[in-house]
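These notes are about the structure you will find just below.
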């Protein structure tokens, strides 16, 4: 098997608010817009997102994107999407992450892996 693309499908009560969140804060673009369905895409290696209209939001799901320069993204998101409540976390096993929530309650995690023990010049960036 050769996988050539991947898509995560999320059910949300308000497609418009989720689409604005993912396009405005996280750099996706609307690829296809139909009644009850929006497909979002990025030009990098991120998976595509499909937003489907439903009475309640998808549960037990987290959209997770591995990124570079997480600290810069964290500061940008604090300005661009303060209502999403970005939270910067540092884990002892080498994971740095920013957690935020889309308007329909979908958790989003941006993650950057660092060497365990925080070796390197930027061990624990400030959460200014």
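Table: residues versus (1) within 21 Å of residue 112 (Cβ to Cβ); (2) in a helix (DSSP H, G or I).
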site: 20; (1), (2): no, yes
site: 23; (1), (2): no, yes
site: 33; (1), (2): no, no
site: 38; (1), (2): no, no
site: 55; (1), (2): no, no
site: 58; (1), (2): no, no
site: 64; (1), (2): yes, no
site: 79; (1), (2): yes, yes
site: 88; (1), (2): yes, no
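Scan the stretch 91-102 for residues that are surrounded by 13 or more Cβ atoms within 10 Å (Cβ to Cβ), outside any strand (DSSP E or B) and on the phi < 0 side of the Ramachandran plot and the total you get is 1. I need the full set of residues from the stretch 74-90 which are without any contact (Cβ under 8 Å) to a residue 60 or more places away in the chain, in contact with a strand residue (DSSP E or B) (Cβ under 6 Å, 6 or more places away or on another chain) and buried (at least 18 other Cβ atoms within 10 Å of the Cβ), in order please. Those that are without any contact (Cβ under 8 Å) to a residue 60 or more places away in the chain, in contact with a strand residue (DSSP E or B) (Cβ under 6 Å, 6 or more places away or on another chain) and buried (at least 18 other Cβ atoms within 10 Å of the Cβ): 74, 86, 88.
Table: residues versus (1) assigned to a helix (DSSP H, G or I); (2) over 22 Å from residue 16 (Cβ atoms); (3) modelled with pLDDT under 95.
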residue: 74; (1), (2), (3): yes, yes, no
residue: 109; (1), (2), (3): no, yes, no
residue: 121; (1), (2), (3): no, yes, yes
residue: 124; (1), (2), (3): no, yes, yes
residue: 127; (1), (2), (3): no, yes, yes
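Listed by first and then second residue, the pairs with beta-carbon distance under 9 Å, at least 6 apart or on different chains, first residue in the stretch 32-49 and on the phi > 0 side of the Ramachandran plot and surrounded by fewer than 10 Cβ atoms within 10 Å (Cβ to Cβ), second at pLDDT 95 or above and not in a strand (DSSP E or B), are 36/15.
The values are calculated or read from the model by the stated rules, or taken from the named source; none is laboratory data. A quick note: this is a predicted structure, and the numbers were derived from the prediction, not measured. Virtual Cβ from ideal backbone geometry, glycine too; neighbours counted across all protein chains shown.
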